[in-house]
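Report on one structure; see the data block that follows.
Just so you know, all these numbers are worked out from the coordinates, no wet-lab data involved. These numbers were taken from a predicted model, which means no experiment stands behind them. Counting neighbours? That spans all protein chains shown, and the Cβs are built from the backbone with ideal geometry, glycine included.
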Amino acid sequence: MAALALAALAGCAQNETPSGSGADQLKGTVSGAGASSQSAAQEAWKAGFAAVSPDVKVNYDPVGSGSGREQFQAGGLDFVGTDAAFKPEDLTSLGSCAAGSGIVEIPVYISPIVVAFNLEGVDSLNLTAATIADIFTGKITQWNDAAIQADNPGVTLPDLKISPVHRSDPSGTSGNFTDYLAANAPEAWTFGETEEWPIEGGEGAEKTQGMVSALTAGNGSIGYVDAGQAKALSWASIKVGDEWVTPSAEGAAKAVAESTLETGRGEADLVYELNRATTAPGAYPLILVSYLAACEKYESADQAKLVAAYLKYVTSKEGQEAAAANAGSAPITSEEGLSAKVSAAVDRIG
């Protein structure tokens, strides 16, 4: 198991904010799209980058991870944000890149996925992975079910129908949520990891904002949402080992600290293999690690400079702190050498 130090990726000199290094002389537009979970972080990054590169406009459309990756492959974007990394077999078709280009894929955003609920009179709950799976598969249908009561002794639960809400669009958040269930409750959740919700029926909501709206509107509802955009909802604690762990940026960082980078990928393709079944004290393994993906080579050298400058800001100490302040994310945890690998990956953009 790799030992990870809790430090921002850009704490190293390689990823210092690009102010004063020519970034303020850049002009043009950079267009990205993808994970809606990154919305608050992207707003912070765009504002911070505008301060050092006022003549560069950064666009980001939070259409969802799946749609963002499709647009990038089709040639419609300069970069993509995604909560689920590109599969190696998908990297043969990168329409946004110059012919023969490899991919630059770097972790930029760590956040808990919360099991959020709206239940009048109940502010906090404990839910095991198996109980969560049974709720979303429809095996458990009432809030006062014996399984929920067993997780929450002493809590008065209403005799009220549960209204599970899932993402209706292909979603990296769904992929991470189902991956957690598959790892921790395989007998209850038999669908494996999937970005497309595998069960017919139930209430579906589009994008993170749609999930939050649906959960806010309905008493008795429950869903899964990036923590940074679910602050108005109640959150369940999950069972990790012998303890109940409340969602937090610190807990998410500890879960990443128990994980390793996938092998067999390119030097600039830095993707985590998350340890969803960790029992490390304080770890919260129901998380997403969200990535920014760009091209090693662009048709336009000028466009490559714009993309590289933006990614350097995002991975800088200032950029990571801005996301933490605006979105409640954890600054990217760094195993020994990862900061240098991220910096080197961004430097390959040309």
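Which cross-chain or sequence-distant (5 or more) residues have an amide H under 5 Å from the amide H of Gln142, H modelled 1.01 Å from N in plane?
So Gln142 has HN proximity to Ile162.
Summing -39500 (n - 2.57) over the DSSP H runs of n ≥ 4 in the chain and dividing by its residue number, what mean residue ellipticity at 222 nm do you reach, to the nearest 500 deg cm²/dmol? Mind dumping the intermediate values first?
Working: 10 runs with 107 residues, N = 350.
Helices in the chain give a 222 nm mean residue ellipticity of -9000 deg cm²/dmol.
Would you mind checking the tilt of helix 39-52 against the longest principal axis of the Cα atoms of the chain, expressed as 0 to 90 degrees and rounded to 10?
Tilt relative to the chain: about 20 degrees.
When the chain is treated as a GNM, springs tying every alpha-carbon pair under 10 Å, which of Val155, Val240, Val115 comes out with the largest mean-square fluctuation?
Val155
How tilted is helix 301-314 with respect to the longest principal axis of the chain? Cα atoms for both, answer in degrees (0 to 90, nearest 10).
For 301-314 against the chain, the angle is about 40 degrees.
Taking the Cα centre as origin and putting +1 on Lys and Arg beta-carbons and -1 on Asp and Glu beta-carbons, what dipole magnitude results for the chain, to the nearest 20 debye? Kindly include the intermediate steps, with their values, before the conclusion.
Values: 20 positive and 43 negative charges, 112 e Å.
The calculation lands at about 540 debye.
For the stretch 125-142, just list the computed ³J(HN,Hα) in residue order, Karplus coefficients 6.51, -1.76 and 1.60, θ = phi - 60°, integers in Hz, with x standing in for Gly and Pro.
Once rounded to whole Hz, the list reads 9, 10, 9, 6, 4, 5, 5, 4, 4, 5, 5, 7, 8, x, 6, 9, 10, 10.
Hey, what angle do you get for helix 338-347 against the long axis of the chain, alpha-carbon based, 0 to 90 degrees rounded to 10?
50 degrees
Output the antiparallel fraction of DSSP beta bridges having both residues in the chain, as a percent to the nearest 5.
60 percent
Once you have the Cα-Cα distance between Glu321 and Glu262, take 0.36 nm times their residue separation minus that, and quote the gain in nm to one decimal.
Taking 0.36 nm per residue and subtracting the Cα distance, the gain is 18.6 nm.
Farthest toward the dipole's positive end in the chain, which of Val314, Leu270, Pro158, given Cβ charges of +1 (Lys, Arg) and -1 (Asp, Glu) about the Cα centre?
Among Val314, Leu270, Pro158, the one farthest towards the positive end of the dipole of the chain is Val314.
Tell me which of Leu286, Ser259, Ile349 sits at the most positive position along the dipole axis of the chain, charges placed on C-beta atoms (Lys, Arg +1; Asp, Glu -1).
Ile349
Which of Ala183, Ala252, Ala51 moves most in a GNM of the chain, Cα contacts under 10 Å?
Ala51
Simple spin-label model, 7 Å along Cα-to-Cβ: Gln142 to Glu89 in nm?
4.5 nm
On a straight-distance basis, which aspartates and glutamates could pair with Lys341 in a cross-link, Cα separation under 17 angstrom, same-chain partners fewer than 8 positions away excluded?
Result set, ordered by chain and number: Glu16, Glu105, Glu262, Glu267, Asp269, Glu273, Glu296.
For the stretch 112-250, give me the percentage of DSSP beta bridges that are antiparallel, rounded to the nearest 5 percent. Each step should come with its number before you reach the end.
Details: 13 of 21 bridges.
Around 60 percent antiparallel, to the nearest 5.
So which of Lys87/Lys317; Lys87/Lys312; Lys297/Lys317; Lys207/Lys231; Lys139/Lys254 end up more than 20 Å apart, counting from Cα to Cα?
Lys87/Lys317; Lys87/Lys312; Lys297/Lys317; Lys139/Lys254
Between Leu181, Ile135, Ala236, whose Cα lies farthest towards the positive end of the dipole of the chain when Lys and Arg beta carbons carry +1 and Asp and Glu beta carbons carry -1, centred on the Cα centre?
The residue sitting most towards the positive pole is Ala236.
Can you give the FRET efficiency to the nearest 0.05 for Lys231 and Gln25, using r as the Cβ-Cβ distance and R₀ = 30 Å?
0.20
Indicate the gyration tensor shape class of the stretch 180-246 (rounded, prolate or oblate), computed on the Cα atoms with a ≥ b ≥ c the square roots of the eigenvalues: a/c under 1.5 is rounded; otherwise a/b larger than b/c is prolate and the rest oblate.
oblate
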